[in-house]
Each structure stands twice: as structure tokens, then as C-alpha cells.
Amino acid sequence: MAEQPETYPITYGVLGLLAFGGSMSGYDLKQAFDCSLAPLWNATHSQIYNQLRRMLVLGWVEMERHEQESRPDKKVYQITQAGRAALGAWQTQQPVRGLQMRDEVLLRFIFGSFAEPQALAITLRAAIKDHEQRMELYRLTAQRLPPTPPGNGALAGQNTGSEPDPFFVELARFAIMFEETYLHWLQQAMAFVEARIASESHRTT
């Protein structure tokens, strides 16, 4: 008997998006990741296609080829009943650790005693600009969240076809609150570093 491929959190991210989106290509899934799941999980094109191949072997998705003029055939994927069952079973597994941050800005900041304050200020200004852009993206995303798939999970029978999925609504709220908090801290950190720059300038004059 052939060994079954391993699955990872990103596997279920792809599976969940297919449960919401119906028929989707790898490109469609990448767009959905960038628009819907960016606050909690990033995925490259190659990672998404690796998961699709893995799920084809598992029987969790089906693939159809759509012919295109002057271009390679487009591969479109759909979740299967086995895939929906796997998505539900994953929710019952032992919970894993929550948020695990790997943030180079924070890593640089904590070792700020070994940095020139001006260099640290450049890092913080870039981070502020980046998180302001993320905040704008998440606010825009919150205006076009997907509706709950009909007859699905805990909200079966409650979907109106137009109301955004309440779990996506809560995630969007989390993403915006997180960025607000992070930006507030970055601005305080910037003021702290600028005060050190001013203090050093005063001592050298």
C-alpha cells in the first residue's frame, strides 16, 4: 500500500478556500490567500501547487483541464466529499500552539543597543509604512468577505447567500486590531529612538 502524503496547516488552508470558492485554479487560490488569509498565513505559488498535488493523491480534490487558446490548459480544482470530511476532521485534532511571531523588526529592536540609532530609525520608519499599507489592505478586504457556503458546518442552513461569513468577519476584525496595536507600538518605539538620537546629538555639540 502506497504511503499517504503528509498534511500541514497550509494543506487545510487550500482545502478551506476551495470549500468557499468552488472551482478554482492555482492562480485563483493564490489571489484568495493574498486577499483573505494574509493576516494569518502566507503561501507562495509553489506551495499551493504542492498542496494541490498532495490532495489529489489523497482524493480530497478533483482536477479538470480547461482548454485555452495559445496557452497551456488551465487546471481547475474542486473539493470532494472526502476533502470536506478531512476539513471537518482537522478541526477536531489536538490544538497546536497559537501565534508564533518571527519578526525581524522586533529582533533588530531588541538588540538596539548594538545599533546606530539612525539605522534603527530607518528600520522603524519602513515598518510603519509597511503596516500602514497592511492596515489599508485589511480594511478593504473586510468589505468583500465571502459568504458562508450553504449547508456547511456549524452554520448549516443559516446562509443567506449575501451575508459575509461570520468567521471571516471575526478574522478581519482581528487583523485590523492587530495592525492598530502594532502601529501604535511602532510609533512609540520611533519616539523612543528619536529621543535617543536627539540626546546623542546634544552630547556631541
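Please treat every number below as a calculation from the coordinates, not as lab data. From a predicted model like this one, the values you see are computed outputs, not experimental measurements.
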Check: For region 9-90, what log10 I(q)/I(0) values come out of the Debye formula at q = 0.11, 0.19 1/Å, with one point per alpha carbon and no solvent?
Finding: -0.26, -0.77
Next item on the list: Take the alpha carbon atoms of region 32-141, find their radius of gyration, then divide it by 2.2 N^0.38 Å using N residues; give the quotient.
Entry: 1.57
Item checked: Equivalent ellipsoid semi-axes, the chain, via Cα gyration tensor eigenvalues times 5, rooted, Å -> 42, 20, 17
Next item on the list: Would you grab the residues whose amide H sits under 5 Å from the one on Ser25? Only those 5+ places off in sequence or on another chain, please, with H modelled 1.01 Å from N.
Entry: Tyr77
Checklist line | 5 angstrom amide H check on Val61, placed H, neighbours 5+ away | finding: Leu56, Thr80
Check: Can you list the HN-Hα couplings for region 110-124, worked out from phi with the Karplus curve (6.51, -1.76, 1.60; θ = phi - 60°), rounded to whole Hz and with x for Gly and Pro?
Finding: 5, 9, x, 5, 9, 10, 5, x, 5, 5, 5, 5, 4, 4, 5
Next item on the list: Over the alpha-carbon set of region 104-203, work out the extent along each principal axis and list the three values in angstrom, largest first.
Entry: 69, 20, 14
Notebook entry, point to check: Using the alpha-carbon atoms, what tilt in degrees (0 to 90, nearest 10) does helix 9-21 show relative to the longest principal axis of the chain?
Noted result: 60
Note to self: With θ taken as phi - 60° and the coefficients 6.51, -1.76 and 1.60, list the Karplus ³J(HN,Hα) couplings across region 178-190 in order, rounded to whole Hz; mark glycine and proline as x.
What the structure shows: 4, 5, 4, 5, 5, 4, 4, 5, 4, 5, 5, 5, 5
Next item on the list: Read phi for every residue in region 127-133 and hand back ³J(HN,Hα) as whole Hz from Karplus 6.51 cos²θ - 1.76 cosθ + 1.60, θ = phi - 60°, with x for Gly and Pro.
Entry: 5, 4, 4, 4, 6, 5, 5
